[in-house]
Amino acid sequence: MNLQFSRRAFPLAMLVCSVSFFSVGSTVSSTGSSTEAQEISRSAQAASIGQDQVDAIGGYWYVSKSEPKIYYYRDGGQWLDLFSYHCKDSNKDGIPNMEISHDQEHLIIKSQGYPNHPTAIFPNSDNPNEIRVQDFTFRLPLVPRKSDTITRLPRGPIGMSLNGVVFFNPFEMEGLNAVAGYDEVWLDSCCGHPQQSGVYHYHKYPTCVKSPFIDEGKSHSPILGIAFDGFPLYGPYESDGSMAMELKGPEALDACNGHSDPERGYHYHVTPNRFPYILGGYAGVVEPSNNREFRRPAERAATGTIEDNTKPGDKYAKIITAVRPGNLVRGQTHEIQIDFDPSAARRPIREGVPSWVQIGPYEAESIERRGDTIVAKVAIPKDAAIGVWLDCHIEFGTQLRPVVIKKNDVLRVTVD
Ligand SMILES: [Zn+2]
Ligand SMILES: [Zn+2]
């Protein structure tokens with residue numbers, strides 16, 4: 001099955017040249033297979049293996065005795081193969097997205113840090129950077145330890161999503177809230193964007209990252225990633241219909257966005273629409289090799305959680321004024337109407353049909369324009385995550401720097 005990489009493949013030249021100028025030519029047409037590719041069967045990842053087929057390597061981690069080695073995470077009594085799906089070579093450069101190994105104390109992950117889901121075209125009118133393949137090595141403690149003090153989140157990577165793409169703290173370089181403030185900070189509808197050195201990163205719940213189980217919102221969410229102190233990060237749900245961020249009392253999330261339960265131990269949750277979105281700080285002892293900021297004396301000593309700096313008036317300009325319908329049904333194709341106000345755009349929006357519309361991970365199959373309304377047909381796969389608000393992004397033009405407009409939290413998939 002083709003990966004959902006229908007749209008932006010890097011020109012090969014970019015990967016072999018140390019200097020690259022543009023990523024023009026990333027206009028590979030959609031194969032139409034992306035929706036199909038997004039439907040990963042549960043059985044592909046829900047492993048039915050026995051204790052005798054794996055070796056315990058520490059904490060909740062296990063590795064298969066047989067080759068090729070498969071790493072399993074024991075999550076609420078289930079064996080999860082977290083990484084096999086993400087270890088493919090989705091950018092087709094001959095190097096797998098991720099390679100996993102371990103030593104006595106760490107799971108060791110080599111990652112290209114490259115998104116294996118559709119993205120916006122970068123650079124675009126709101127982001128001058130391009131997405132570049134990285135050469136990350138992350139060492140994740142197999143047995144995370146709680147710390148007496150909270151370690152402050154550094155700039156740059158703070159943890160890793162299951163696809164090897166990194167999480168950043170909620171702030172951009174200038175210290176601005178990347179999620180809730182300032183229309184300069186434009187995340188694509190997979191909640192990511194590249195920074196100056198081309199590192200594509202998420203500042204909030206990355207709705208496009210496939211985790212081993214479908215998130216039905218009916219029980220504890222599946223694992224999404226791992227923080228650099230080794231503690232796991234989960235999706236938003238704690239139990240049927242209730243999000244971890246709504247918990248009160250002793251189970252409530254702490255200032256780091258974490259809490260404990262008997263099955264999972266200490267773990268973090270993403271908090272949709274609520275600062276700090278991913279982590280508020282590290283509750284555990286961080287592995288210093290994962291981010292060079294940990295090795296700076298001043299940064300190493302930095303403790304405490306982070307605070308939201310969004311001020312009234314810092315919100316996105318309202319270029320997209322309405323999106324209908326607000327609820328989507330799994331397994332159906334929807335005609336989505338998106339109204340926009342060209343006069344509110346900072347850059348002129350050209351006439352004609354947009355080149356691209358994406359709702360969360362789902363790419364439009366066809367796009368029409370009726371005046372200032374865009375009509376996009378979007379198929380929602382049967383395994384879409386339930387209940388989480390998805391962002392919408394629209395691009396005009398496929399040439400260098402398309403004009404992009406964006407609205408957060410516009411649509412969600414409800415029960416079938
Ligand atoms: Zn950013
Ligand atoms: Zn939990």
Check: Taking N as the number of residues in the stretch 68-173, what is its Cα Rg relative to 2.2 N^0.38 Å?
Finding: 1.22
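Using Cβ counts within 10 Å as a stand-in for footprinting exposure, how do R296, R132, R369 rank, fewest first? Mind dumping the intermediate values first?
Working: R296 12, R132 19, R369 16.
Ascending Cβ contact count within 10 Å gives the list R296, R369, R132.
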Item checked: Nonlocal amide H pairs with M243, under 5 Å, H built at 1.01 Å -> E238
Checklist line | Fewest-first sequence of E293, E368, E351 by Cβ atoms within 10 Å of each Cβ | finding: E351, E368, E293
Item checked: Vicinal HN-Hα couplings computed from phi for the stretch 336-343 (Karplus, 6.51 cos²θ - 1.76 cosθ + 1.60; Hz; Gly/Pro x) -> 9, 9, 10, 8, 9, 10, x, 6
Check: Residue by residue through the stretch 61-77, which ³J(HN,Hα) values in whole Hz follow from phi under the Karplus form 6.51 cos²θ - 1.76 cosθ + 1.60 (θ = phi - 60°), with glycine and proline marked x?
Finding: 9, 9, 10, 5, 6, 8, 8, x, 5, 10, 9, 10, 10, 8, 10, x, x
Margin query: Taking 51 Å as R0, compute the FRET efficiency from the Cβ-Cβ separation of Q51 and T398 and round it to 0.05.
Written below: 0.45
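Can you sort V378, V353, V165 so the residue with the fewest Cβ neighbours within 10 Å comes first?
V353, V378, V165
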Checklist line | Projected label distance in nm at E216 and S239, using a 7 Å step from Cα toward the beta-carbon | finding: 1.7
Note to self: Under the rule of at least 5 residues apart or a separate chain, name every residue whose amide H is placed under 5 Å from the amide H of I150.
What the structure shows: G304
Item checked: Nitroxide proxy distance, nm - points 7 Å out along Cα→Cβ at D409 and D372 -> 2.4
Checklist line | From phi via Karplus (6.51, -1.76, 1.60), per-residue ³J(HN,Hα) for the stretch 283-289 in Hz, x at Gly/Pro | finding: 7, x, 7, 7, 8, x, 6
Checklist line | Placed amide H near L142: partners under 5 Å, 5+ positions off or other chain | finding: H106, L107
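None of the figures in this text is laboratory data; all of them are computed from the coordinates on show. Note that the structure is a prediction, hence the values are computed from the model and not measured. Methodologically, a virtual Cβ is constructed for each residue, glycine included, from the backbone with ideal geometry; neighbour enumeration extends over all protein chains shown.
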